[in-house]
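This report concerns only the one structure given below.
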Amino acid sequence: QKEVEQNSGPLSVPEGAIASLNCTYSDRVSQSFFWYRQYSGKSPELIMSIYSNGDKEDGRFTAQLNKASQYVSLLIRDSQPSDSATYLCAVKINDYKLSFGAGTTVTVRA
Amino acid sequence: DTAVSQTPKYLVTQMGNDKSIKCEQNLGHDTMYWYKQDSKKFLKIMFSYNNKELIINETVPNRFSPKSPDKAHLNLHINSLELGDSAVYFCASSQDVGNEQFFGPGTRLTVL
């Protein structure tokens, strides 16, 4: 079982719609979770971190965490063409390293 | 005022050569990392240093040797390069071990 799994996509959404990205993890005791955005040919950029169950909102981004279900998600509201990128879910494993999912590629259609 | 910088940005070399990649961060972070991102875009941790001490050494061939001369620098030396080493190598740093990490621009290594 992979430490972090994401829907590989690609996910195509129309401009203005909500993009929903999902991530599950295997380490039941993980406490720290992160979403990174990576544009093609660029480095990963941290966009959200979440540590507690529930929702965390930052602008058009909302991260949702459910530790009981070992599930973390990212919602992008009012999607813009500039949101087209690969989104990487990362989970802190064994309290010292980040394990990344394979990423979900999002394309926002104008 | 770049936070995490790497040199070189591109590296093209022949099989069997030895090469180094350098990384510097000016964020005042205590922990630095090397990641490898392969052609399928999977990002995998290789090494991590905390206050110049090696704390993560994943299953990486011993042809790869990291070195941290101080908290702000982490270099990666690769001996006897192989075709399979071709990838993008990212340096990253964080204040605390395993927490919010900030990535450098990457070094695209191509082994011919």
For this session: Just one of (1) within 10 Å of the chain's Cα centre (by Cα); (2) facing chain B (nearest Cβ under 10 Å) trips up A:L98, so point out which.
Result: (1)
Exercise. Would you pick out the residues in segment A:89-110 that are over 18 Å from A:Q1 (Cα atoms) and among the hydrophobic types (A, V, I, L, M, F, W, C)?
Worked result: A:V106, A:V108, A:A110
Problem set entry | Filtered residue count, segment A:31-40, keeping only those that are outside any loop (DSSP other than H, G, I, E, B) and out of contact with any helix residue (DSSP H, G or I) (no Cβ under 9 Å at 6 or more places or on another chain) | 5
Exercise. So which of B:Y49, B:Y33, B:Y10, B:Y89 is among the aromatic types (F, W, Y) and exposed (fewer than 15 other Cβ atoms within 10 Å of the Cβ)?
Worked result: B:Y10
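Filter segment B:62-112 down to the residues that are among the hydrophobic types (A, V, I, L, M, F, W, C) and within 11 Å of chain A (Cβ to nearest Cβ) and list them by number. If you could, list the steps in order and put the result at the bottom.
We begin by selecting, within segment B:62-112, every residue among the hydrophobic types (A, V, I, L, M, F, W, C); these are B:64, B:72, B:74, B:76, B:78, B:81, B:83, B:87-88, B:90-92, B:97, B:102-103, B:109, B:111-112.
Scanning segment B:62-112 gives B:V88, B:F90, B:C91, B:A92, B:V97, B:F102, B:F103.
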For this session: Quickly run through segment A:9-30 and pick out the residues that are surrounded by 12 or more Cβ atoms within 10 Å (Cβ to Cβ), part of a loop (DSSP other than H, G, I, E, B) and at negative phi.
Result: A:E15, A:A17, A:I18, A:S26, A:D27, A:S30
Exercise. Just a yes or no: is a residue in segment B:54-67 at pLDDT 95 or above and β-branched (V, I, T)?
Worked result: no
Exercise. Of all the residues that make up segment A:18-47, how many are over 21 Å from A:E3 (Cβ atoms), out of contact with any strand residue (DSSP E or B) (no Cβ under 8 Å at 6 or more places or on another chain) and touching a residue at least 12 places away in the same chain (Cβ under 8 Å)?
Worked result: 0
Exercise. Is it the case that B:Q25 is surrounded by 13 or more Cβ atoms within 10 Å (Cβ to Cβ), among the polar types (S, T, N, Q), under 13 Å from the mean Cα position of the chain (by Cα) and under 25 Å from A:V91 (Cα atoms)?
Worked result: yes
For this session: Give the residue that is farthest from the other protein chains (Cβ to nearest Cβ), with candidates limited to residues of segment A:61-95 that are buried (at least 19 other Cβ atoms within 10 Å of the Cβ) and β-branched (V, I, T).
Result: A:I76
Problem set entry | Within segment B:19-112, strands (runs of 3 or more DSSP E) holding 2 or more residues that are in contact (Cβ under 8 Å) with a residue 40 or more places away in the chain, out of contact with any helix residue (DSSP H, G or I) (no Cβ under 7 Å at 6 or more places or on another chain) and under 18 Å from A:Q38 (Cα atoms) | B:31-37, B:87-94, B:107-111
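The values are calculated or read from the model by the stated rules, or taken from the named source; none is laboratory data. This structure is a prediction, so every number in the text was calculated from the model and none was measured. Cβ: placed from backbone, ideal geometry, glycine included. Neighbour counts: every protein chain shown.
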